[in-house]
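Take a look at the structure below.
A short reminder: the numbers here are calculations on the coordinates, not readings from a lab. Owing to the predicted nature of the structure, the values given are computational and were not obtained by experimental measurement. Cβ coordinates were reconstructed from backbone atoms using ideal geometry, including for glycine residues, and neighbour counts include every protein chain displayed.
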Amino acid sequence: MNIILLGPPGAGKGTQAQFLVADHSMVQLSTGDMLRSAVKEGTPVGLKAKAIMDAGELVSDEIVSALIGDALDRLDADTGVIFDGYPRTAPQAASLEELLASRHRSLNHVIELNVDVDALIERITGRFTCAGCGEGYHNIYKMPESEGVCDKCGHTEFKRRPDDNAETVRKRMEEYRGKTAPILPIYEERGIVTRVDGMADMETVRAEIAKILGS
Ligand code: AP5
């Protein structure tokens with residue numbers, strides 16, 4: 001099974017992708033995570049991407065499609081994939097079709113998470129992760145059980161993304177509305193789009209997605 005999780009910044013794509021990995025043994029391919037790793041490692045892709053990401057703009061279609069192609073090549077043919085944050089433009093949607101067809105894969109579902117703008121800003125500006133294992137937390141919705149200590153690995157340092165500030169979030173939303181939302185009709189014509197209320201709590205969204213996948 002191959003699915004796309006679509007939605008504006010902070011809609012919960014990464015959160016739900018992690019649940020799908022746990023519940024369905026699927027693999028999450030997040031272009032945002034891949035680009036952040038490239039920035040951290042200082043690779044040529046990372047050097048090109050850093051300023052663009054910090055400004056909340058989109059990295060070039062060629063770069064992200066190449067990352068996805070390479071990642072698909074490392075997977076077994078029968079491993080289910082969750083595309084998280086890809087495709088984000090019409091050219092990326094076209095590239096994904098080619099990448100899948102040439103690997104004898106097809107798309108089963110496109111799930112769009114809908115969330116109010118005010119909630120998105122609150123979610124993004126409250127988000128932080130463990131610097132050790134990457135476990136995600138939130139100032140309001142998910143604090144570590146013991147203050148200052150990661151529930152998962154016990155690490156005591158946490159970090160916030162440089163693009164999680166109000167100004168950059170506005171730009172990221174503009175990019176979503178202008179370039180990503182317009183690709184939905186491509187998939188609607190094929191009857192594979194389902195919209196989920198991303199305002200519901202995480203477990204309710206998880207259950208809704210499980211229903212869509214028939215599990
Ligand atoms: P990317 O990393 O993809 O960021 P994004 O799309 O802006 O999405 P986020 O990761 O911010 O949010 P999310 O929907 O995953 O929400 P999350 O689950 O974390 O991209 C970053 C940048 O990389 C882009 O701006 C661009 O520059 C570049 N890039 C990436 N892909 C690209 C591409 N294909 N083409 C070109 N450029 C690309 O949840 C957010 C918070 O809310 C968390 O704290 C979470 O705990 C909380 N939360 C989640 N669900 C709920 C819920 N139901 N109720 C309450 N809280 C919730």
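Arranged from fewest to most other beta-carbon atoms within 10 Å of their beta carbon, ASP73, ASP164 become ASP73, ASP164. Exposure proxy shown here: for TYR86, TYR141, the number of other Cβ atoms within 10 Å sets the order, fewest to most, as TYR141, TYR86. Counting other Cβ atoms within 10 Å as a rough exposure proxy, the listed residues VAL21, VAL81, VAL39 run VAL21, VAL39, VAL81 from fewest neighbours to most.
For the stretch 107-215, GluC sites (Glu not before Pro) are listed when DSSP marks them as loop and at most 10 other Cβ atoms sit within 10 Å of their Cβ; the list is GLU145, GLU147, GLU157, GLU189. Between ASP118 and LYS211, the C-beta separation translates, for a Förster distance of 30 Å, into a calculated FRET efficiency of about 0.65. For LYS171, the lysines whose Cα comes closer than 28 Å to its Cα, not counting residues fewer than 8 places off in the same chain, are LYS13, LYS40, LYS48, LYS50, LYS142, LYS159, LYS179. Taking 7 Å steps out from each Cα toward its Cβ at ALA200 and LYS159 produces label points 3.4 nm apart. Summary of the geometry: the stretch 75-111 and the stretch 50-66, compared by the centres of their Cα atoms, lie 18 Å apart. Given a Förster distance of 30 Å, report the FRET efficiency between LYS48 and ILE186 from their Cβ-Cβ distance, rounded to the nearest 0.05. That gives a FRET efficiency of 0.65.
When the Cα positions of GLY132, HIS109, THR43 are compared along the charge dipole of the chain, THR43 comes out farthest toward the positive end, with charges on each C-beta of Lys, Arg, Asp and Glu.
Of the trypsin sites (Lys or Arg not before Pro) in the stretch 1-40, not one is in a loop by DSSP (not H, G, I, E or B) with at most 16 other beta carbons within 10 Å.
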